[in-house]
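The values are calculated or read from the model by the stated rules, or taken from the named source; none is laboratory data. All values reported here derive from a predicted model rather than from experimental measurement. Here the Cβ positions follow ideal geometry from the backbone for every residue, glycine too, while neighbour counts run over all protein chains shown.
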Amino acid sequence: MTDFSDYDYLLVGHGIAGAVLARELRGRGYRVLVYDDPRPDTASRVAAGLMNPVAGKRFALTWRAQETLPYAVAYYEALAAELGEDFFQASPILKVFGSEQEQQQMLARASANPWEGFVEKIESAPIERAGLLAPFGGAWLRGGGHLRVEWLLNLLARQGRAEGWLREETFSWQHLVSSGTGVAYAPGQLRARQVVCCQGVAALACPHFSWLPLTPNQGAVLDVVVPGLSPNQVLNRGAYVVPAGPEGQFRVGATYRWPPFATEPDDSDRRELAGRLAGLTDLPFEVRGERRAVRPAVRDRRPLLGRHPTLPWLTLFGGFGSKGVSLAPRLAALLAEHLASGAELWPDVTLARYYAHCPS
């Protein structure tokens, strides 16, 4: 055991949750090691990275928007400046009305201002922009944006390999052995005070978290080229259309599929998303690719943070569903403070709300 390296935190998973938490903990001076088995089809790498403050047909303000979205925008802007890369855009989102009924529904709610400043303007007349189909108008949203998630993860992984805090290899939960104040992991010749599972839906494969009420769902996203469509905003109506690079590149998504999941490209997903895009633009477009991944959703649609009820050395950071980009920065800081000083977690995210599910 004398040749073992010692760490404060061993993180398993380097999607958006693990990457942000690793940066948070390292920024606080902790010794952190991350294990990640890099695959191209994880939820973080497939995601278009949209941060949307108002969602759904009911135009509801997203959960804890004021506490998470401004924090996330500032976080990604600072990180982009630090790394000298342009992977984040705090661009406006145009939520296009699909009918006069939708338009009137939002106008009726506007006087109560339930959106806390995230709605900048509502247009009830047709919006005349090149290639845009918005005959019933739409609502301009602010305070969100979009993150090129895979770009960022690749940058951080390159940094992690160079600095030695990232190991890109399969992690085996079966080889963890409790050792007094923490655990030992013989395959990696290391000891750690705390292990944090950041594996997304793969947390179900961890024998210590198989009792969690995760309800995974699969989503497909198209890579398209739409020459002439403005990249200066995100479009949203039944699907999002997110700028994804130069020369008219966009990402269109996403579908929701419950088990059993598709394992091969599915024409139904492609037809559905292409149809939604055709409802937003009259410009010709070309589908260049399709990707799908399984989201780590939770039954009550809230993240899962906190310590295992019977293994004090084990913590979970996950269950973000489709909101990982929006929620990870603020919740990583919350969890880091909880682990450091015992600060209270928000009651609607703490793992303790599901302790009764854990076998004794």
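Things worth noting here:
- Comparison of 63, 115 shows that the only residue that is at negative phi and at pLDDT below 95 is 115.
- When the stretch 205-214 is limited to residues that are among the hydrophobic types (A, V, I, L, M, F, W, C) and more than 17 Å from residue 175 (Cα to Cα), the one that is surrounded by the fewest Cβ atoms within 10 Å (Cβ to Cβ) turns out to be 211.
- Among the residues making up the stretch 263-299, those that are in a helix (DSSP H, G or I) and aliphatic (A, V, I, L, M) are 273, 274, 277, 278.
- Count of residues meeting criterion [buried (at least 17 other Cβ atoms within 10 Å of the Cβ) and farther than 27 Å from residue 177 by Cβ] in the stretch 25-49: 8
- Qualifying position, being under 30 Å from residue 6 (Cα atoms) and under 20 Å from the mean Cα position of the chain (by Cα), among 153, 141, 166: 153
- Residue within the stretch 53-69 that is touching a His at 6+ places or on another chain (Cβ under 8 Å) and among the small types (Gly, Ala, Ser) present: no
- For first residues located in the stretch 315-332 and under 17 Å from residue 152 (Cα atoms) and outside the structural domain of residue 197 (by TED's automatic domain parsing), partners that are modelled with pLDDT of 95 or more and in a strand (DSSP E or B) and lie 6+ apart or on another chain with Cβ distances below 8 Å do not occur.
- First in the stretch 233-251 and touching a residue at least 12 places away in the same chain (Cβ under 8 Å), second anywhere and assigned to a loop (DSSP other than H, G, I, E, B) and of a type in the set (Val, Ile, Thr), Cβ under 9 Å, 6 or more apart: 239/255; 241/226; 248/226; 249/226; 250/226
- Residue check, residue 137 out of contact with any Ser or Thr (no Cβ under 7 Å at 6 or more places or on another chain), at pLDDT 95 or above, at positive phi and among the small types (Gly, Ala, Ser): no
- The condition of being touching a residue at least 40 places away in the same chain (Cβ under 8 Å) and either surrounded by fewer than 23 Cβ atoms within 10 Å (Cβ to Cβ) or within 20 Å of residue 332 (Cα to Cα) (or both) holds for only one of 87, 97, that being 87.
- Flag for residue 54 being buried (at least 22 other Cβ atoms within 10 Å of the Cβ), of a type outside the set (Ser, Thr, Tyr) and within 30 Å of residue 169 (Cα to Cα): no
- One residue from 260, 231, 246, 227 being under 30 Å from residue 359 (Cα atoms) and over 17 Å from the mean Cα position of the chain (by Cα): 260
- The residue that is surrounded by the fewest Cβ atoms within 10 Å (Cβ to Cβ), counting only those in the stretch 300-317 that are more than 21 Å from residue 31 (Cα to Cα) and touching a helix residue (DSSP H, G or I) at 6+ places or on another chain (Cβ under 7 Å), is 309.
- A single entry from 58, 109 fulfils the requirement of being at pLDDT below 95, of a type outside the set (Val, Ile, Thr) and more than 27 Å from residue 278 (Cβ to Cβ): 109.
- Condition broken by residue 217, with the remaining ones in (1) over 30 Å from residue 351 (Cα atoms); (2) surrounded by fewer than 22 Cβ atoms within 10 Å (Cβ to Cβ); (3) not aromatic (Phe, Trp, Tyr) satisfied: (1)
- Exactly one residue out of 127, 122 is part of a loop (DSSP other than H, G, I, E, B), in contact with a strand residue (DSSP E or B) (Cβ under 9 Å, 6 or more places away or on another chain), of a type outside the set (Gly, Ala, Ser) and not assigned by TED's automatic domain parsing to the domain that holds residue 275, and it is 127.
- Among the residues of the stretch 262-299, the ones that are farther than 17 Å from residue 44 by Cβ and either in contact (Cβ under 8 Å) with a residue 12 or more places away in the chain or buried (at least 17 other Cβ atoms within 10 Å of the Cβ) (or both) come to 23 in all.
- Residues of the stretch 71-106 that turn out to be within 14 Å of residue 20 (Cβ to Cβ) and at pLDDT below 95, as a count: 0
- Put simply, of 48, 80 the only residue that is outside any helix (DSSP H, G or I), within 19 Å of the chain's Cα centre (by Cα) and of a type in the set (Gly, Ala, Ser) is 48.
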